[in-house]
């Protein structure tokens with residue numbers, strides 16, 4: 001089993017009475033099915049203390065694999081053949097925030113309460129074009145804005161690194177500034193809008209349509225993550241710090257599955273539910289601020305994309 005080999009490589013081993021494979025199986029049963037300690041005790045005929053100890057041992061081992069399992073970003077190049085991405089040269093992927101329900105002490109509930117009234121943590125996720133996580137930051141209170149979480153991620157010593165000259169696609173809730181390309185506000189954007197009919201009538205609408213088609217990858221990542229790991233669909237009883245670690249571990253295992261399985265069985269359910277690493281340089285963006293220069297570049301890019309599309313339509317092409 002690939003996962004067992006990996007966790008063994010970072011120091012987890014058999015115990016006197018429990019094999020490593022059994023420890024991993026207990027852990028996977030908990031996160032995949034949201035089984036409680038009593039369920040695992042019964043299924044594996046182990047004491048509650050044993051289940052708890054080995055759950056935490058496996059969790060810590062998986063977190064030590066971040067350097068192995070997190071995806072190294074690869075920029076879109078001029079020879080990209082994917083129609084969703086080829087317009088966005090030097091793009092590294094997409095990012096967004098999602099809420100995961102948590103249990104916290106009563107005194108902390110106001111900070112974790114979202115606009116919809118749920119008690120949740122705001123999780124920042126950054127993913128590549130092939131739906132693998134590049135960076136994950138759980139733990140922020142549900143009341144925190146996405147922009148605030150992103151600023152924290154960029155400013156952390158081991159946080160999100162965005163090399164100068166490269167960027168991620170973000171939604172309209174974020175600032176359109178260097179390193180983070182947002183859509184135009186006040187223009188049609190979401191894919192569902194375009195599926196209802198109609199074609200873009202100006203560069204801003206066309207840019208938003210292409211932006212939405214590409215950035216949708218992070219929404220699919222989050223959707224697949226919550227379909228696969230039942231523990232992320234309900235508030236667990238673990239301490240809040242442990243709940244954050246579980247979220248990170250689920251993202252790492254998501255990456256492992258994406259790499260090892262040619263076909264992901266949960267992707268069908270998602271669809272029916274509403275190379276050498278490149279050198280990216282050593283200069284990184286350390287602020288998340290609006291930029292007139294960046295907005296001008298977006299305008300230029302939008303016009304180029306719209307003009308190319310109109311030219312293709314003129315010779316019988318179809319809208320992308």
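Since every read-out is calculated from the coordinates, none of them should be taken as a lab result. Fair warning: this is a prediction, and the values are worked out from it, not measured in the lab. In this analysis, Cβ positions are derived from the backbone assuming ideal geometry, glycine residues included, and neighbour counts consider all displayed protein chains.
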Helix-derived mean residue ellipticity, 222 nm - over the chain, DSSP H n ≥ 4, -39500 (n - 2.57), to 500: -14000 deg cm²/dmol
Order of 221, 80, 2 - criterion: other Cβ atoms within 10 Å of each residue's Cβ, fewest first: 2, 80, 221
Sorted by Cβ density within 10 Å, fewest first, the residues 270, 3, 19: 19, 270, 3
Estimated FRET transfer efficiency (residue 28, residue 49; beta-carbon r; R0 22 Å; 0.05): 0.65
Three-way shape label, segment 55-192, alpha-carbon gyration tensor, a/c 1.5: oblate
In nm, spacing of pseudo-spin labels at residue 5 and residue 63 (7 Å Cα→C-beta vector): 2.6
DSSP beta bridges in the chain [antiparallel fraction, %, rounded to 5]: 75
Sorted by Cβ density within 10 Å, fewest first, the residues 308, 260, 74: 260, 308, 74
Segment 2-64: C-alpha gyration tensor shape, a/c 1.5 cut-off, then a/b vs b/c: prolate
Computed over the chain, Cα set: Rg, Dmax in Å: 21.5, 73
Nearest-0.05 FRET efficiency for residue 82 and residue 13, computed from C-beta distance (R0 41 Å): 0.45
